[in-house]
Each structure stands twice: as structure tokens, then as C-alpha cells.
Amino acid sequence: MGTPDQLMFARRLGPTARLFIWLLVGLSCVVADSRYHMLGGLRSGVSLFLRPIREVMRAPGEVASELSGFFVRHRLLQQERDALLADRARMAVSLNNASELARENAELRALMQMQTRPGQQTVHAALLYKGHDWFAQRITLDEGAHAGLRTGLPVVDASGLMGQVSQVYPRASEVTLVSSPEQLTPVFVERTGQRGLVAGSGQGRLELRYMPAQTDIRAGDRLLTSGIDRVYPAGIPVARVSRVSRSQTTPYLRVECLPLAGIDRSRAVLVLVAGPQVSKP
């Protein structure tokens, strides 16, 4: 049995009563906040307490958005880089083509000036390819018998003597370069008029042979064709002396020379069909 201080029949409030009570409490809070602003501090406190939770809940979305933006920007940057690299490659090709055209134009202008020498008859030719055996010092031109070429004709570029036609075909011809060991070229020293004979060394170099030890010759002297062999017209630049040394075993100087013609780089040449009348030095 219950004590006197206790109710014999204790009942809990029903759902309707509890709902009504909470509605009254909520309505009181709304009235108090709207009229007297009594819940502003509570709202601030709750908002401050819930802020870390909101940040934590928002973090995955922000991370996903940043990652998506990173990959998009990375892809765009790769595309821009690829486009810039392609533009740079095209510009490099255009620059190389322009440089090559400028060099060829300079060679052609120099060849045209050489052709204007009185009585000079020439045939323009272009380099097809170097010989299969480069050590043989031969090149092949795109002009042959149909252009009136024949063996023995001199070949020059804008800077000097290239060599001599050694084989002629209907539409091509073969030139033995002046630096070939097979070539001997009569020359004279431009500064002194001393005559000599230039021979190829087979390595893109020349040697002035049979020069007595007392000969006045020095590095830097230019050698021109003398014309005494009636093969090369007189006055064509051949080589420049690079080194002069004396030998204790022979009475002759050792004179090393470098060819003035671009034997390893010229593409446009002239074949001298008939040379101008030039007085011998």
C-alpha cells in the first residue's frame, strides 16, 4: 500500500497534453524573442557551438570541389602547354626555313655577281647529294650532259673553287672536290705572286707543295688559281694559308691551307663552261 504522502493512482500526461505544453512553451519563446529579444544570446551560443560541426560537415564537399577544380585546371594547363609547345615548334620550323632561304639567297646573289664577269659562261647547278664515300671527296650535281657539261670543267661556289667535273651523266654529274688527294691545282700567292701547286689532303684540307724554305709566305695569305694549266681560269680563290712550318729533313716548307669554298656546306654552284679572259699574274 502506498504511504499517505504518495498518490494512490499516479498517471503520466498523455501525448496531447505534452504537445499542448510544448506548443505553449514554443509560442512563449517566440513572443518573448520577438517582443523582448530575450533569446538572442541563446541563439548566438548555439550557433557558436554548432559552427565546428557545420565546418566539419561542409569540409568533404569543399575538398571534393577543390579536387575537381584542381584536375580541371591541371587539364587546361596541360592543353595550354601542348598548344604552346606546338606553336613554338612551328615557329622554330618557320625560323629555320627563313634562315635557310636567306642563306640560299645570299649564295645565289654571290653566284650572280660572279656570272657577270666579262666573257664568263656558266651553268647553274645544285647539290643532289654527297658521294657514298665521303672520304673520296666527291659530290653529285643535278645538271649533266643535257646542260652541256663535260669532264674537266671547274666548279665554283660563291666563295671559291669547289673542284672539277670528273663524271658526266645525262641528268647529273659528279664533281671531285679540290680537297681530294686526286686533285692538283696550280695557284699563286695573292700577296707576292709566288706560284705553287695545291694538293688535297682528303680531310677537307689542302697543302701547298714544293715551296722553297726562303719563300715569303705567311699564315693568312690567300691562294688564287694561276691559270697556267688552262683548266681553271686565273684568279679564282682557292684557299687561305693556315700554318707554315719548316722541316729539317726537306728543303721545302710545309704549308697547310683551308679551302675558301664551302665544300661541305654549299648547295648552289656554278660550272664554268668558258672562263673570262684574265691576264696571268
Whole angstrom only: what separates the Cα centroid of the range 172-186 from the Cα centroid of the range 206-281? 13 Å
Pairs of alpha-carbon atoms within less than 8 angstrom and 6+ residues apart define the contacts here; what relative contact order does the range 121-274 have, in percent? 26 percent
From zero up to wherever the largest Cα-Cα distance of the range 122-281 sits, split into 5 Å bins and tell me the percent of pairs in each. 2, 10, 20, 21, 19, 13, 8, 4, 2, 1, 0
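Determine the equivalent ellipsoid of the range 181-232 by diagonalising the alpha-carbon gyration tensor, then write out the semi-axes as square roots of 5 times the eigenvalues, largest first, rounded to whole Å. Write down the numbers at each step before the final one.
On the way: eigenvalues 60, 41, 19 Å².
Semi-axes, largest first: 17, 14, 10 Å.
Here, each number is a calculation from the coordinates, and none is a lab measurement. What you see is a predicted model; the values in this text were computed from it and never measured.
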